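Laboratory data are not the source of any read-out in this text; all were calculated from the coordinates shown. Keep in mind that what you see is a predicted model, and the values were worked out from it rather than measured. We place every Cβ from the backbone using ideal geometry, glycine too, and count neighbours over all the protein chains shown.
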Amino acid sequence: MASLFGKILGGLALAAAAGGAVFWFITAPKPLPESAFAGLSIPDTVNGERLFWAGGCVSCHAPKGAAEKGDLTLSGGEPLKTPFGTFYPPNITADPDAGIGSWSLAQFGNAMLRGVDDEGEHLYPAFPYGSYSRMKPQDIADLFEFLKTLPKSNKASAEHALAFPYSIRRLLGGWQFLYLNAKPRVELASVDEKVARGQYLVEGPGHCGECHTPRDSMGGFLSGKWLAGAPNPEGGKGRIPNITPGGELASWSETDIASYLETGMTPDFDSVGGSMVEVQKNMAHLPASDREAIAAYLKAIPAVK
Amino acid sequence: MKLKTVFAATLALSVVAGAVGAAEAPQVVRKDMMEGMGKAMGGLVNIVKGKTEYNADVVKASLTTMVDTMKTFPDQFPAGSETGHKTEASPKIWQNMDDFKAKAAKLGTDASALLAALPADKAAVGAAVKTLGADCGACHETYRLKD
C-alpha cells in the first residue's frame, strides 16, 4: 500500500517535472539568430518611411496630436486601456538610454518578428508583433534605419500596469506558442501582384486584423472570422466594422476603399471616425498603389456575414 | 444649369427640413442634421471627383448648409438623450461638452471662411474638402461610436 502510494507520488512528481520542463520550453523566448538579419541590402529609408506609415508607429508611440503638428518624436504615447490592464507605449526614439538607440538590427528585428526585447524578454502583444511577424527582414532593416532619422527623446518609458497573472511576462511564451506565426491569415485562390502586396500590407505591417478580427478569451483570433468585425477594444459602446466583402464594405468598389483611405470620406460622404481616424491619416501618406493594393486584397478575401 | 439650381435649392431645403424636425427627439434631429451635412459634403466631393462640373451655386449651398447646421447642432444633445433611437453619440460628448462644442464651432468657422472666399475652381474645392473633412474626422474620432 505504502509502496503504491510512493509510486503514485513519484509518478506525479515526474509528471510535474516533465510538465514543468515542457512549460519552461514552451514559454521560453525564441529569438531569431543574428544571421536572420545578415546579408541584407543597404537600408533604404524611403522604403522605411513607407513602412513607418503603413505600420502607424506614430499613432501609439507619440503623444496625441504630435504627428498632426509634424512632430515625429516617438517618445511614447497615450496609455492603452485593455481588459488585461493599461499598457504604456514606450519611447522608441534613437536615444541610447531612454529609447532603442543602442539596439542592434537583430534586436529590433526580434522585437518586430518574435516579440522578444533587447534583454531577451517577451513583449506584450499590445505591440502587434503577431502581425509584424509576417514582415520581410529587408523591410525591418529599412524601417529601423528610418526610425533612426527621427528626433530623439530622453523621456523614460512608463511600466505597464497589468493585473495578475498578465503581469507575468513568461506566460506570454504560451500565447506566442498558440498564436505567433508568419503564415498567411487566409488562403486566396488567385493572387496577382497587387493582391499579394495588399495581403502583405494588411496582414503584416498594417496589422488591420488586430482591431477588425474578433478574438477568443485568450486574445487569439477566432478562426474563419478574419476581418469580420469585433467589439470596441476599449469596451463599452461601439464596434469595429466587418471589412470583408460580406460586411459593411459590400457595396464599396475598390476605388471607394482606396479613396476612403486617402481622404477619410466614405462613398456616401460620411467621414472616418473612431480610432480609424489616426489609421486613415497614416494611410494617406502611402503611395496610391499601396492603397489600391489594400483595396484589391479586401475585395479578394472570403466574405464573412 | 437648371438642374443644378434645383440641386442647390434641394440642399438649402434640407436645412429647413432639419429645423422643422425640431419637434422630434433630439437623437433623430441630430441624425438628420448629420445626413444633411453628408449631402452638403457630397456636393463638394462630386466636384472634386469630377462627377459633376464646378458650380459656384452648389459650392455656396453646401457651405451655407454647413455653417447653418453647426450653429444649432451642439444644442441637440440635452441631458437624457445619451441613448435611444440607435444614437451613435459617444458618452464622451457629455463628459467633454465644451470640447465637443469647440469642435463643432471649428467646422462652422472654417465653413464660414470658405463661404467668404468662395472656392473658385475644382482645385480650390478639393482643398476645402480637405479642411472640412479633417474637421468632421476630428469630432467623429472621439465623439461618434458606430454600432
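Per-residue 3J(HN,Hα) values for region A:293-302, derived from phi via the Karplus relation 6.51 cos²θ - 1.76 cosθ + 1.60 with θ = phi - 60°, read 5, 4, 4, 4, 5, 5, 7, 8, 6, x Hz in sequence order (x marks Gly and Pro). Loop-located trypsin sites (Lys or Arg not before Pro) in region A:1-68 (DSSP state not H, G, I, E or B) with no more than 10 neighbouring Cβ atoms inside 10 Å: A:K64.
Where the centroid of each part is defined by its Cα atoms, how far is region A:224-278 from region A:16-76 in Å? About 26 Å separates the Cα centre of region A:224-278 from the one of region A:16-76.
Summary value for region A:166-305: 27 percent relative contact order, contacts being C-alpha pairs under 8 angstrom separated by 6+ residues.
Counting Cβ atoms of other protein chains within 10 Å of each residue's Cβ and taking the mean over peptide B:137-144 gives 6. Given a Förster distance of 25 Å, report the FRET efficiency between B:A25 and B:S112 from their Cβ-Cβ distance, rounded to the nearest 0.05. Computed FRET efficiency for B:A25 and B:S112 comes out at 0.30. Take every pair of alpha-carbon atoms less than 8 Å apart whose residues are at least six positions apart; their mean separation over the length of chain A yields a relative contact order of 18 percent.
Using just its DSSP H runs of length 4 or more, each adding -39500 (n - 2.57), the protein assembly as shown gives a mean residue ellipticity at 222 nm of -16000 deg cm²/dmol after division by all residues. Derived scalar couplings between HN and Hα for region A:49-65 equal 5, 4, 6, 4, 6, 4, x, x, 3, 5, 5, 9, 9, 10, x, 4, x Hz in order, rounded to whole Hz, by the Karplus curve 6.51 cos²θ - 1.76 cosθ + 1.60 (θ = phi - 60°), x for Gly and Pro.
A simple charge model with +1 on the Cβ of Lys and Arg, -1 on the Cβ of Asp and Glu and nothing else charged puts the dipole of the protein assembly as shown at about 720 debye relative to its Cα centre. FRET efficiency for the A:K136 to A:D71 pair, using the beta carbon distance and R₀ = 25 Å, is estimated at 0.30.
Extension gain for the segment A:V191 to A:H285, taken as residue separation times 0.36 nm less the Cα-Cα distance, is 31.3 nm to one decimal.
By the count of neighbouring beta-carbon atoms within 10 Å, fewest first, B:E141, A:E210, A:E119 end up ordered A:E119, A:E210, B:E141.
The Cβ shell under 14 Å around A:Y166 holds other residues with a net charge of +2, Lys and Arg each +1, Asp and Glu each -1.
P(r) tail, the protein assembly as shown: Cα-Cα pairs separated by more than 31 Å, 50% of all pairs. Eigen-decomposition of the gyration tensor built on the alpha-carbon atoms of region A:112-184 gives equivalent ellipsoid semi-axes of 23, 20, 9 angstrom, largest listed first. Volume per residue for region A:211-254 equals 74 cubic angstrom (convex hull of Cα atoms). Taken over the C-alpha atoms, region A:188-241 has Rg and Dmax values of 12.9, 40 angstrom. Its relative contact order, with pairs defined as Cα atoms under 8 Å and 6+ residues apart, puts region A:1-134 at 17 percent.
In this simple spin-label model, placing a label point 7 Å from the Cα along the Cα-to-Cβ direction at both A:L171 and B:K92 gives a separation of 2.9 nm.
Using the structure shown, list the pairs from A:K81/B:K106; A:K194/A:K225; B:K60/B:K86 with a Cα-Cα distance above 27 Å, or answer none. Flagged as over cut-off: A:K81/B:K106; B:K60/B:K86. Along the axis of the charge dipole computed for region A:34-179 (Cβ charges of +1 for Lys and Arg, -1 for Asp and Glu, origin at the Cα centre), the listed residues A:G85, A:Q138, A:N110 are led at the positive end by A:G85.
The HN-Hα couplings worked out from phi for region B:120-129 by the Karplus form 6.51 cos²θ - 1.76 cosθ + 1.60 (θ = phi - 60°) are 9, 8, 4, 5, 5, 5, x, 5, 4, 4 Hz, whole numbers, x standing for Gly and Pro.
Taking amide H as placed 1.01 Å from N in the peptide plane, the amide H of A:I240 sits under 5 Å from that of A:A230, A:N232, each at least 5 places away or on another chain. Ranking of A:H207, B:H85 by neighbouring Cβ atoms within 10 Å, starting from the fewest: B:H85, A:H207.
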